[in-house]
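Undergrad: The structure is given below, and queries will be raised subsequently.
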Amino acid sequence: MRRVVVTGLGMINSLGHDRESSFDAITKGECGIDTITLFDVEKFSVKIAGEVKDFDPTTVMDAKEVKKADRFIQLGLVAAKEAIEDAKIDGMDRDSFGVASAAGIGGLPAIEKNSLVCEARGPRRISPFFIPSALINMLGGFVSIYHDLRGPNLGSVSACAAGTHAINEAAKTIMVGGADAMLVIGAESAVCPVGIGGFAAMKALSTRNDEPKKASRPFDAERDGFIMGEGAGALVLETLESAQARGAKIYAELAGFGESGDANHITTPTMSGPLRAMKAALKMAGDVKVDYINAHGTSTPVNDKNETAAIKEAFGGKDNCPLVSSTKGQIGHCLGAAGATEAVISIMAMDKGIIPPTINLENPDENCDLDYVSEGAREAELNAVMSNSFGFGGTNGVVIFKKYQG
C-alpha cells in the first residue's frame, strides 16, 4: 500500500486563530476556558466553555455567504484554509484531491434557532439556508467548493472520535488509490443553550464555574467533568510520492491507526475498547516506538482512569509507557473536532520537540499514575506520537504518526 504523509496543518480554538499561536499558548499552559458569552447563561448550571474569541467569519467567507453556514463550518474553513496554504497545493491534481470532514454534532445552534422560529412564528419563517447550514457533511461541501477539491468527499459522524476517524478514512482512501491527497477537517461549535444544557443534564460537564481556568483537570482526583470547547483542526494528507515530487515539507508519516467499539454502554466507556484500538494502531505501526501520547484525557472520572489503565496494558506496564498529556485543560473538549485538533498538536509537538503539559493536575488520582508532564512543557526528541479519541456510543479511534526518515 502507498505511504501517507502530512504536508499541511491548520488549527483554530479558544487560544488562537492559527496553529502557531495556538500551539505556543498550549505549550505555555495558558487556558482559553472562560465564562460563556455566546448566550445568556444565568439559568444554566454550567456557565463556562472554551469559546473562540473575536471570531470574524468574513476573514474566510463573503459576508453574504455567512448566513449559509453555521459556526462550525465557518471555523472549519479557517483551519482548512491554513492547512491548504501550508501545504502549498497549487499545481496538484484536484480531481484526485478529496476531503474527509468530521463533526460530532454539527449545526446544533442552527437546529436550535430554527426550531424556536418554527414554534414561535410558524414553519414558513424557517430559514431556507437552515438545512445546508446544519448538515455535518456540508463542512466538507463548503471546503471542497472553496478550494476546488474534486476527489472523494467523505464525512465522519462518530461523536468525539470523529476527527480521528476522518484521518483514518482519509489515509485508507489514499492507501488504496482512491485519491492522491485528502484534506482532513474536524470542526465543532456546540456552545449553545441546548448543547450546554444537554450535556449538563447528563452530568458530563464540570460545574466549577467560579474557576474556569482550573475547571478542566485531566487525571486530577478532583476532576468533575469536561469543559465544552469549540474550534477546528485540519491536516493535508498525501502520498509520499506526491510530496517528494513537488518538494513539499513533510511534517510526519502516518504509521498506524486503530478503531474499535466498546459494545457496552451508550455513554459509559470501558477500558477494553480503547485498549483494542491502541493495540491495533501499534500492530499496524510495527516496530515504531511511541514517545508521546496526546490522551483523550477528558477530565471525567471514568475516562481518565480507564484510559490510563488501557495505556499501561497496551505498552506492557507502567514502566514502559510513553510520556502522556491531555491538552483539553487548555482548550476544552472540542468534541468531533478534538481528534483532528489533537493530531495537529501531536504532530507539532514532534516537529518542534516540545511536549505540551497537562495543566491543573495538582492532586493526582491514585488510579492515574503515569507521567502526564504536569510540571510544564517538556523538551524531548520525539520520533513517534499517538493521539487517542473515544466517543459516546463506545466508538474509539487511535492514530500514530512518526517522523519521516526519507
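Undergrad: Applying the selection to the stretch 36-70, what residues are open to solvent by 70 Å² or more (accessible area, probe 1.4 Å) and either under 11 Å from PRO212 (Cβ atoms) or hydrophobic (A, V, I, L, M, F, W, C) (or both)?
TA: LEU38, ALA63, listed by residue number.
Undergrad: Here's a follow-up. Sort through ALA281, ALA255, ALA248, ALA243 and tell me the only one that's in a strand (DSSP E or B) and either in contact (Cβ under 8 Å) with a residue 60 or more places away in the chain or in contact with a Gly (Cβ under 9 Å, 6 or more places away or on another chain) (or both).
TA: ALA255
Undergrad: Which residue pairs have Cβ atoms closer than 9 Å, lie 6 or more positions apart in sequence or on different chains, and pair a first residue in the stretch 53-64 that is over 16 Å from ILE145 (Cα atoms) with a second residue that is open to solvent by 70 Å² or more (accessible area, probe 1.4 Å)?
TA: Between residues of the stretch 53-64 that are over 16 Å from ILE145 (Cα atoms) and residues that are open to solvent by 70 Å² or more (accessible area, probe 1.4 Å), the close pairs are LYS53/HIS17; LYS53/THR37; ASP54/HIS17; PHE55/HIS17; PRO57/ALA63; THR59/HIS17; THR59/LYS81.
Undergrad: Can you tell me which of (1) open to solvent by 10 Å² or more (accessible area, probe 1.4 Å); (2) outside any loop (DSSP other than H, G, I, E, B) is the one ALA79 doesn't meet?
TA: (1)
Undergrad: Suppose we filter ILE185, ILE196, ILE136 for residues that are within 21 Å of the chain's Cα centre (by Cα), assigned to a strand (DSSP E or B), at pLDDT 95 or above and aliphatic (A, V, I, L, M); which single one remains?
TA: Just a single option satisfies the conditions, and that option is ILE185.
Undergrad: Still on this model: What are the residue pairs meeting all of these: first residue in the stretch 388-403, first residue under 20 Å from LYS312 (Cα atoms) and open to solvent by 10 Å² or more (accessible area, probe 1.4 Å), second residue of a type in the set (S, T, N, Q) and assigned to a strand (DSSP E or B), Cβ atoms under 7 Å, and 6 or more apart or on different chains?
TA: Pairs that qualify, where the first residue is under 20 Å from LYS312 (Cα atoms) and open to solvent by 10 Å² or more (accessible area, probe 1.4 Å) and the partner is of a type in the set (S, T, N, Q) and assigned to a strand (DSSP E or B), are PHE390/ASN396.
Undergrad: Here's another thing I want to ask about it. How about the stretch 116-131: which of its residues are of a type in the set (Val, Ile, Thr) and either open to solvent by 100 Å² or more (accessible area, probe 1.4 Å) or assigned to a helix (DSSP H, G or I) (or both)?
TA: Answer for the stretch 116-131, where residues must be of a type in the set (Val, Ile, Thr) and either open to solvent by 100 Å² or more (accessible area, probe 1.4 Å) or assigned to a helix (DSSP H, G or I) (or both): VAL117, ILE131.
Undergrad: In the stretch 100-115, which residue that is part of a helix (DSSP H, G or I) and surrounded by 22 or more Cβ atoms within 10 Å (Cβ to Cβ) is nearest to the chain's Cα centre (by Cα)?
TA: My answer is LEU108.
Undergrad: Give me a count of the residues in the stretch 216-237 that are more than 14 Å from THR358 (Cβ to Cβ), small (Gly, Ala, Ser) and part of a loop (DSSP other than H, G, I, E, B).
TA: So the answer is 1.
Undergrad: Of the residues ILE84, ILE89, which is in a loop (DSSP other than H, G, I, E, B), touching a residue at least 40 places away in the same chain (Cβ under 8 Å) and surrounded by 14 or more Cβ atoms within 10 Å (Cβ to Cβ)?
TA: ILE89
Undergrad: Further, regarding this structure: Can you confirm whether LYS172 is basic (Lys, Arg), surrounded by fewer than 22 Cβ atoms within 10 Å (Cβ to Cβ), assigned to a helix (DSSP H, G or I) and touching a Cys at 6+ places or on another chain (Cβ under 9 Å)?
TA: no
The values are calculated or read from the model by the stated rules, or taken from the named source; none is laboratory data. Keep in mind that what you see is a predicted model, and the values were worked out from it rather than measured. Counting neighbours? That spans all protein chains shown, and the Cβs are built from the backbone with ideal geometry, glycine included. Surface areas here come from the heavy atoms of the whole protein model, side chains and all, with no ligands, DNA or RNA. Shrake-Rupley method; radii C 1.70, N 1.55, O 1.52, S 1.80 Å.
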